[in-house]
Structures are given as structure tokens and as C-alpha cells.
Amino acid sequence: MNEEEFAELSAGHALGALSPEDERAYAEALASHPEWASIADVDAETAAVLAEGVADVAPPVDMRSRLLSRIARVSAAPADDAADVAAPTVPPLPPVPASVAADAPPAPSAGPPTEVVQAIERRTWTRALFGLVASIVLLVGLGWGAGALANLWADPPAVQALEEIEQAPDAASATAELADGGEATVHWSESVGKVVLVAEGLPEIPSDRTFELWFVRGEEAISAGTFERDGAESTALLSGPMQPGDTIAVTVEQAGGAPEGDPTTDPIVAIPTA
């Protein structure tokens, strides 16, 4: 697990929104990386500040009259019925004025009252809104600007580039199978000037490793950036221009990319574009 993934779990932990599995992953990561404790502290403090701003929900206005109505019914129960009831363990309540009992609404029917249902709905909506606001506050606290927050709802650059390529009149693609199964496709357009890799079934790799892209030209391999596995399908935008005849390759390197600028492992896939 890298620091970015831990930050996402930390925000969910602060909001009490993690599943049991994610909660265990959060605890294990924190134990393995005590230097990340500051992230958890900031998230917890932010959640506490937001919680202080949530107003208490007042009880239904007719709660008192309903309670008095029920007390009145118990007080008026027949003597025969009262004999079957165990002696009370609390002092008897004072008699209820007839005017109060007459004005009290009837006892609710089976099922929760409408007010209770509405309160639950309000609480659920408030929790969802609180989660959204807390996430935004956490991002701002980490130094994100307004422009970065706006980009949060935009498609990733790789997805945007893929859409541009697919709409170009000179769009082209090539596909090859991964070494351990799965499939990878390279999409490019000379007029757009971008190259995108879409891979399905990439292998899982340790957190201290990353996937690195390469333009292979003859005997030379030119790094085109690194990317992380993103679920079943990963989309990555290659950095740098592609030349006719290049082969697009993917290797597994140490985090941050190959230290010397040359591949250190055999490619898991190589896709000729000629």
C-alpha cells in the first residue's frame, strides 16, 4: 500500500465509513508505517471539527402529548387487568388533567411514526452530505486548490486523451496478449499526437513496484512514464511522441521507475505498431 492509498483509507476511518476489511487494512498499514500517523491525526481532527458543526435534532413536538396519552390509558385500565400486571417498581405518576388527556392524539399504529421515518431520512442524508464535505475539507487541508477540486470530477487525462484519439480521423490501434494472460491495446493518432495504453488483467505487484511504459526503437528503449494498476482495466497515457514503427512495451520496475533509465526486467507485453 502506498501513501496515497493509505490517505484514502484514513479519510474513511475518520468518518467511520470503512468496511471491516478496509479497517483491518488501515490498521495494518498504520502499524507498518508509523510515519503516516500524521495523516490519520489530521483526518481525525478535521472530522471532529466538522462534527461540531452538526446541529442536534430536536425530538418531535408532539412527543410530550403522546407520552401523557399513554400514561392516561394505563391509569384508566380496569381493575381486573391491573391485577395481572406486576407491581410497579417506580413511584406512581401524578394524575393527568382531563383536558390534557382529551387533547392527546391517539396511540400510533403498528410501525414507526412518520416523524421517526423522516428523522431517519434526514440523518441518512446528513451523513452523506457530511462525508462529501469532509472529503473536500481533507483535500483542501492537504493543499489542493479550487482548480484541483474542479478537476476531481473531470475524467482522468488518459481517458480524455483516449476519447480524443478515438474521434480523430487517423485513429489507429494494436493489441497483444499479456505474458500471464489478459490483453493490452495501444491507441494512437498522429494528428492528436498522443498514445494511450488500455490493459485488462494486469498482474498484481507489490506496493514498492510499478508498471513502466517504453517506446522501443530498434535496440533503444525510451521511458514513457509509469502507471499503477487500476482494477480490472487500466488506462495510461504515454509521455513523449511515438515514431512510426515503435513497439510499446510494459515492464515491472521499482517504485518511481527504472533508476538508470533502462528496463531492468523482461516486458510483460510488447505491442508492435508498424
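No value in this document is a laboratory result; all are computed from the given coordinates. Keep in mind the model is a prediction, meaning the values are calculated, not measured.
Length gained on full extension, residue 19 to residue 166: 49.1 nm, using 0.36 nm per residue less the C-alpha separation. From the alpha carbon centroid of the stretch 1-46 to that of the stretch 176-197 is 35 Å. Compared with the direct C-alpha span, the chain from residue 204 to residue 262 gains 18.7 nm at full extension, assuming 0.36 nm per residue. Considering all different alpha carbon pairs of the stretch 157-272, the Kirkwood hydrodynamic radius works out to 14.1 Å.
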